[in-house]
Structure formats: C-alpha cells, structure tokens
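These notes are about the structure you will find just below.
The values are calculated or read from the model by the stated rules, or taken from the named source; none is laboratory data. If you're wondering where the values come from, they're calculated on a predicted model, not measured in any experiment. Note: ideal-geometry Cβ built from the backbone for every residue, glycine included; neighbour counts use all protein chains shown.
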Amino acid sequence: MSNVTIQNVSKAFKEVTVLDTINLNIQDSSFTILLGPSGCGKSTLLRIIAGLETPDQGKVLCDNKDMTKVLPGDRNVAMVFQNYALYPHLTVYQNIEYGLKARKVKNPERTKLVTDAINMVRLEDQVKKLPAQMSGGQRQRVALARAIVKRPKIFLMDEPLSNLDAKLRNVMRYELTDLYSKLEATFLYVTHDQIEAMSMGTHIVIMNKGIIQQEGSPKAIYEDPDNLFVAGFIGSPPANILSFEGYDYSFAVRPEHMILHTTHEEHISIFGDIVSSEHLGYEAIYNIKTSIGNISVKTPNLWDNISNATVEVCIKMNKIMAFDHSGERIRDPQHHAYAISVFKQVILDRSEFLEGVV
Amino acid sequence: MFLSKFQNIKIKDFIRTLNPLWFMLPALFLMGLWTYWPLIKTVFYSFMEWNMLPSSTPEMVGFENYLRLFDHPDFGKALVNTLWYIIGMLPFAVIIPLILAIVTENMNTKAKNIYRTLFFLPMIMPPVTVAIIWRWLFHPSVGVINQALMGLGLIDQGINFLGSEPTALFSILLIAGWKMIGFSTLMFSAALTGVDKSYYEAADLDRTSKLRQTLTITLPLISPMVIYMIMLSILFTAQWTFVYINVLTLGGPASATTNVYYLMYVYGIKNFNAGMGSAAAILFFVLFGIIAIMINQINKRFAFYDN
C-alpha cells in the first residue's frame, strides 16, 4: 500500500530519448497498467521506479519520500521479470527463500513466510524442483511467489505473461486479479497487450515515444480517447482513423459503432465492397473498401456468403470522434459540430451513392 | 532361395550401419596416424631397450624400463615437484583470473577491454622469449628484481633466483603462472558473459550484497568453467612449465625444478633412451588419465549447467 509519484522524469540512452519529462501519480492500491507499443519507454519507467535505472533528471517519490537515490533493495518493491529471472541452480523453495535469507529473516518466521507464499500460488507439490524442470506457467508462479514473500508495498511486473501461450495467459490473468484483491498492494504492470490492460487494470497509462498519451480508467481510455494515437491503438481492431488530404480534421469510428444495412436509416452511410471478412463467432470483422478508404466494421456476423458484395456502411453520427490537425481530440462542441459537417461534406463529395442523413 | 534372400537383407542392413563410418574416415585416419598409432608404438617401446639409432634394433626387456624408472633418484623428485607445480599453478590459473574476470565484468566496455587486453598480452608472447626476458629480470646481480629489492634495502646481495633450491621452482611457477592468467581470465570472462544479468537485478531488489551475489549466483552458474579450468590446470601444468625449465634451469639445481614432463624429454630425446622415455610417458598417461576421469566425475556431481 503505497502511492508512487513520478516528477519530470527523463531518460535517454545514448542520445535516444526514451522518457521525456514524465509526470505520473500512481494511486495507492491501484492496479496501474503501463500500456504501449514496444520501445515506448514503459519498461524503462518501471525499471526507474524499481531503482534498476537512474533517471537523467526528475524524481521518484514514494509516499512523498524521495526515492530517486535509494538502492533497489531498500525501496520495498518486488519485481516480476519478463523472463522470470529465477535462479536456475536453486530449487523453487530456495528461490523464494533467497531474498529472506539475504535480509537475515530468522527461521521459524522465514519458513512460515515461504510456505504462505507457496500456498498462495498453489505450488505446494513443486517446492523441490529446479526451474528448468517446470512449465512456463509454473515458473511464472514461482516468480510471483518470490515477489509475494517479500510482502512489498509495490509489485512491479514487466510483461510477466508475454512468454506464456494464449490459453495459459487467460488463466494467469484471472490469478493475478485474484492475487491483487488478496494482497492489497499497489500493482504496477507493464504490457503491450491491451487485453491484459483492459481485463486487469483499474487505471491505464498509455505511453508512446516516451510520452504519456492518456491515462484513465479502462472505460475512459476505450470510449473517450484524447488523441489519434490512443484511438488507433486501443480496440481490436482499433478505431478506424479517417483523414482526408486537404482538410485539417481526422475522424475515428470504432468498428462496432458501424452497422451494415442493406437499406439506409438514421446514420451517415456510405457504400462499399467487402474485401475480406473474419468470422469470430457471434461477431465478424469486415474489411470494406469505400470511397473514403478501407475501413473495418465489427458487427454481428451475417454468416451469409457476402464476400465481394456491395454493402451500405452506416456510421452512427454521435459516435464520430473529431481531432484537430495536431492529432488532439476536439472537445469544444461548436468546433466538433463544425468538424462533423466537414466530415459529411467530404463523404458527399466523394460518394455518388450517398443516401444522405435523414 | 528363401534363406539366400534373408542373408542378402542382413548383409544390406550391415552395410547400411557402416554408412556413417565413411564420413568419419578422414578424421579417423588422421587421428589414427597422429594419435593412436604413436600411442601404441609408445606402449610397445616401453617394453624395449633401444637407443633410437637406425642401425640398432629394439630389444625386448619386459618391465625392466618401469623398474629402472622407479629406482631412478630423479623420478620421485619429479613426481613431488609436479605436485608442487600443480598446487602452485591453481592460484594463477583459477583464483586470480576468477577475481580479475569478476572485477572487470561490471566495468564499462572501454575499461574492460583495456584491462582484459593487458591481462591477455603475456599469453600471445612466445614462451622462449618470455623465458629469456625473465632470465634478465631474475639475474642475480644486474636483474631488475634484485636491483629493486636491494634499492628498497630488503636484501644486501642479489638472490640467485633460478640457481638456488626453493626459489628456482617458485620462479618457474611465477613465469608460467603469469603467462596463464590472461588465458584463464578470458575463459572466465566468456563464462560470465553468458550469465543473465536479470539474476543480479533480482538479487539487487532482494537487497543482496555484491559479495553474496558473487558467491551464491555467479560462482554456481560458472562452475562448469571453474572445474574445467581446474582440470586443465592440473593436467597441463607439467606441459606449461616445460619450456621455462628447459630454457632457464634444465631441471636444476640438483633436480629442484624438474617435473615429469621434463624427465620424459630427458630420457627420450636427450639420452636417446626410447625405452625409458616411453615407459615414463605411459606411466604419466595412465596417472593423468585417472585424474581426468576423477575430475569428470566431480564435474558431473558439482557443476551446474544452466539451459
């Protein structure tokens, strides 16, 4: 239980700026996700908080105490590494015990802490194994137990699930959420997988090119992106980004906010040809070629054999997001209304099939 | 008819099992020519008396050579000296390089490269040149070492390092060891490079001291290399010291610096006694073979291999 404040932290590796004046407050007992594409600086930020890297400038505060120069071992944080970093020559039990021994925790107490941690990740029958004799999921649990046993205030996790197969990842997501609710600690979790971010995080920080793009609840990040990067990053597939040469505005529409109709209704609609379709079960993602570019549409699966068919794509007018020429979201209602009128005009100009808005 | 067909299949199968041998043939031929044939010849000559002159013929003498070897006054001395060389070489081949490799491992790339190049330089110098340079350094009256010691007032007159009883062996050891440090440091550095850095980060987060990290993480993870270097050192010290004995002391004074390798050379090459030389060679072959097998067993039990 601890909150972390990052103040003006910058970091460069040989003239390449990895973090550019980061300011961030990680709430006490939150499950905060640092989300972004690879190379966005999220792992470096995590390592700075752990004390494994020193920032070029700026401060790391923990409960309002300056931790910037404190050694990693004295920060009361535990870290789970992407490759687990389990000591390969030590058994599961010895791996979990290692940190306590270094801290000279005496034996009845030490055994109890280790046993508790092992029980928590359900590895009771594996304690005598070496890491090499275990599966990826089991190794992941050992790494978690090694963090848990220290009873830290902050858990730092660096893409801990990325080495697991898809099925195991689903299981571990549940287990991590479960652990989070049991441990009452602050979790800071780095990932590039938005499903992990959306399903586990209470708070998501989206980073790109060393800058925080947006932070907020998973709902806010998904429904109300601040800029084109976030709109084009979040979602599977992400929002359609529509920008037109000669105009200052860009627009984004989520695939699920478009409906395919064979007859028109209260939407702005545009005709297009289905280029490809991806059936997901109940839903399907259609890639549709239109006069304003290729867009993907997520909709209840039509199942019929409609490939290459001409369809009408109806875009919900109130779901269109407008951004200015610097890529920032237009918040001003009047400006927004104007931008939308531009959008309509473009579609009118481009589409001879346009049915217009009712 | 049935039987002949059956036999045919058997012969075909047999020829097929021989197939891999054809690919190995060039290597087998060279190994046979340069390793196994000489080995067999050595065993053969160890039971012969022969002065290596083309005009004379080897004469069967049974175990005579071996018995004479055990009675020879230099033989015991050479065995004891070899043991001292082996013990004395371990700090140079294992302990000092291990410390140097670990200390330089965490330096920045530039400093690391400069240091490791310096350590490695003696290794690439020709042994005979090295021997001659050290002879100058060790010179009883004008050598730099004696000059320095006298200058500091530690001694009144020059020490005859290579000519007196305990110092000669130590001097040979120092030269051979000095030359080995670079090689071992390089080997340990290579092993250290293979250790995943995240183990140390995990240990840092566990508030583990650098010394404790070295003892509980580094050493176990490079144990195969440590044991390998110990084995190399034990088995080859006699060879590594040979050049310096041959150039600087010729085994003297009074057999104080001779070792089994040099003894073999004296019997076989200097005295033209093929029988004695071969008998000594076979004895040491068996002796070092046993040591090698023992160390291999130790290796299997104690070394940890990270995959």
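How do the pairs read when you match residues in the range B:280-307 that are of a type in the set (Asp, Glu) with residues anywhere that are not in a helix (DSSP H, G or I), using Cβ under 9 Å and keeping only pairs 6 or more apart or on different chains?
What qualifies is B:Asp306/A:Pro88; B:Asp306/A:His89; B:Asp306/B:Gly194; B:Asp306/B:Val195; B:Asp306/B:Asp196.
State whether the residues of the range A:139-158 include one that is facing chain B (nearest Cβ under 9 Å), out of contact with any Gly (no Cβ under 6 Å at 6 or more places or on another chain), within 20 Å of B:Glu201 (Cβ to Cβ) and among the aromatic types (Phe, Trp, Tyr).
No.
Looking at this structure, is B:Phe44 loosely packed, with under 15 Cβ neighbours inside 10 Å, among the aromatic types (Phe, Trp, Tyr) and out of contact with any Phe, Trp or Tyr (no Cβ under 9 Å at 6 or more places or on another chain)?
Against the criterion (loosely packed, with under 15 Cβ neighbours inside 10 Å, among the aromatic types (Phe, Trp, Tyr) and out of contact with any Phe, Trp or Tyr (no Cβ under 9 Å at 6 or more places or on another chain)), B:Phe44 qualifies.
Mind checking which residues of the range B:75-129 are more than 30 Å from B:Met276 (Cα to Cα), among the small types (Gly, Ala, Ser) and buried (at least 19 other Cβ atoms within 10 Å of the Cβ)?
If the condition is that a residue be more than 30 Å from B:Met276 (Cα to Cα), among the small types (Gly, Ala, Ser) and buried (at least 19 other Cβ atoms within 10 Å of the Cβ), then B:Ala93, B:Ala101 are the ones that fit.
Of the residues that sit in the range B:95-114 and are of a type outside the set (A, V, I, L, M, F, W, C) and under 27 Å from B:Ile234 (Cβ atoms), which one is modelled with the lowest pLDDT?
Result: B:Glu105.
Within the range B:188-231, work out how many residues are buried (at least 17 other Cβ atoms within 10 Å of the Cβ) and among the basic types (Lys, Arg).
Result for the range B:188-231: 1.
Go through (1) out of contact with any strand residue (DSSP E or B) (no Cβ under 8 Å at 6 or more places or on another chain); (2) in contact (Cβ under 8 Å) with a residue 24 or more places away in the chain; (3) surrounded by fewer than 19 Cβ atoms within 10 Å (Cβ to Cβ) one by one and return the number of the condition A:Met198 breaks.
(1)
Select from the range A:250-287 the residues that are at pLDDT below 85 and β-branched (Val, Ile, Thr) and list them in ascending order.
A:Ile259, A:Thr262, A:Thr263, A:Ile268
Does B:Arg16 satisfy being assigned to a helix (DSSP H, G or I), basic (Lys, Arg) and surrounded by 13 or more Cβ atoms within 10 Å (Cβ to Cβ)?
No; evaluated as a whole, the condition is false for this residue.
Got a sec? Which of A:Ala85, A:Ala117, A:Ala145, A:Ala78 is touching a helix residue (DSSP H, G or I) at 6+ places or on another chain (Cβ under 6 Å) and at positive phi?
A:Ala85
Could you list all residues from the range B:163-213 that are away from chain A (no Cβ under 14 Å) and among the hydroxyl-bearing types (Ser, Thr, Tyr)?
Of everything in the range B:163-213, those that are away from chain A (no Cβ under 14 Å) and among the hydroxyl-bearing types (Ser, Thr, Tyr) turn out to be B:Ser164, B:Thr167, B:Ser171, B:Ser184, B:Thr185, B:Ser189, B:Thr193.
Which condition breaks for B:Pro166 when tested against (1) closer than 30 Å to B:Glu105 by Cβ; (2) surrounded by fewer than 17 Cβ atoms within 10 Å (Cβ to Cβ); (3) not basic (Lys, Arg)?
Answer for B:Pro166: the failing condition is (1).
Here's the yes/no breakdown for (1) surrounded by 15 or more Cβ atoms within 10 Å (Cβ to Cβ); (2) within 18 Å of A:Ala185 (Cα to Cα); (3) touching a residue at least 60 places away in the same chain (Cβ under 8 Å):
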site	(1), (2), (3)
A:Gln94	yes, no, no
A:Arg110	yes, no, no
A:Val121	yes, yes, no
A:Gln138	yes, no, no
A:Val142	yes, no, no
A:Ala145	yes, yes, no
A:Lys153	yes, yes, yes
A:Asp165	no, no, no
A:Leu168	yes, no, no
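Go through the range A:70-88 and give me each residue that's part of a loop (DSSP other than H, G, I, E, B) and more than 7 Å from chain B (Cβ to nearest Cβ).
Correct list: A:Val70, A:Leu71, A:Arg75, A:Asn76, A:Gln82, A:Tyr84, A:Leu86.
Where residues in the range A:10-47 are aliphatic (A, V, I, L, M) and not in a strand (DSSP E or B), which of them is nearest to A:Gln214 (Cα to Cα)?
This residue is A:Leu45.
Given (1) assigned to a loop (DSSP other than H, G, I, E, B); (2) closer than 15 Å to B:Gly277 by Cα, identify the lone condition not met by B:Thr57.
Failed condition: (2).
Of a type outside the set (Lys, Arg) and more than 14 Å from chain A (Cβ to nearest Cβ): does that describe B:Tyr228? If you could, list the steps in order and put the result at the bottom.
Working: of a type outside the set (Lys, Arg): yes; more than 14 Å from chain A (Cβ to nearest Cβ): yes.
So B:Tyr228 passes the test.
Given (1) within 26 Å of A:Ala147 (Cβ to Cβ); (2) in a helix (DSSP H, G or I), identify the lone condition not met by B:Met187.
(1)
Take the range A:89-121 and flag every residue that is small (Gly, Ala, Ser) and either within 10 Å of chain B (Cβ to nearest Cβ) or farther than 20 Å from A:Pro160 by Cα (or both).
Result: A:Gly99, A:Ala102.
Would you call B:Thr258 of a type in the set (S, T, N, Q), in contact with a Phe, Trp or Tyr (Cβ under 9 Å, 6 or more places away or on another chain), in contact (Cβ under 8 Å) with a residue 40 or more places away in the chain and crowded, with 23+ Cβ neighbours inside 10 Å? So that I can check it myself, show each step before the final result.
On the way: of a type in the set (S, T, N, Q): yes; in contact with a Phe, Trp or Tyr (Cβ under 9 Å, 6 or more places away or on another chain): no; in contact (Cβ under 8 Å) with a residue 40 or more places away in the chain: yes; crowded, with 23+ Cβ neighbours inside 10 Å: yes.
Judged against the criteria, B:Thr258 is not a match.
Would you mind telling me which numbered condition in (1) of a type outside the set (Phe, Trp, Tyr); (2) exposed (fewer than 15 other Cβ atoms within 10 Å of the Cβ); (3) within 14 Å of chain B (Cβ to nearest Cβ); (4) closer than 23 Å to A:Ser162 by Cα A:Pro37 fails?
With respect to (1) of a type outside the set (Phe, Trp, Tyr); (2) exposed (fewer than 15 other Cβ atoms within 10 Å of the Cβ); (3) within 14 Å of chain B (Cβ to nearest Cβ); (4) closer than 23 Å to A:Ser162 by Cα, A:Pro37 is out only on (3).
One residue is enough: does the range A:60-67 have a residue meeting the conditions outside any strand (DSSP E or B) and either within 14 Å of another protein chain (Cβ to nearest Cβ) or at pLDDT 90 or above (or both)?
For the range A:60-67, residues outside any strand (DSSP E or B) and either within 14 Å of another protein chain (Cβ to nearest Cβ) or at pLDDT 90 or above (or both): present.
Take the residues in the range A:48-59 that are more than 8 Å from chain B (Cβ to nearest Cβ) and in a helix (DSSP H, G or I); name whichever of them is surrounded by the fewest Cβ atoms within 10 Å (Cβ to Cβ). If you could, list the steps in order and put the result at the bottom.
Filtering the range A:48-59 down to residues more than 8 Å from chain B (Cβ to nearest Cβ) leaves A:48-49, A:53-59.
Checking the rest, the ones that are also in a helix (DSSP H, G or I) come to A:48-49.
Values: A:Ile48: 24, A:Ile49: 26.
Checked the range A:48-59; the qualifying residue surrounded by the fewest Cβ atoms within 10 Å (Cβ to Cβ) is A:Ile48.
If I ask for residues that are within 14 Å of chain A (Cβ to nearest Cβ) and of a type in the set (A, V, I, L, M, F, W, C), which ones from the range B:252-307 would you list?
Scanning the range B:252-307 gives B:Phe302, B:Ala303, B:Phe304.
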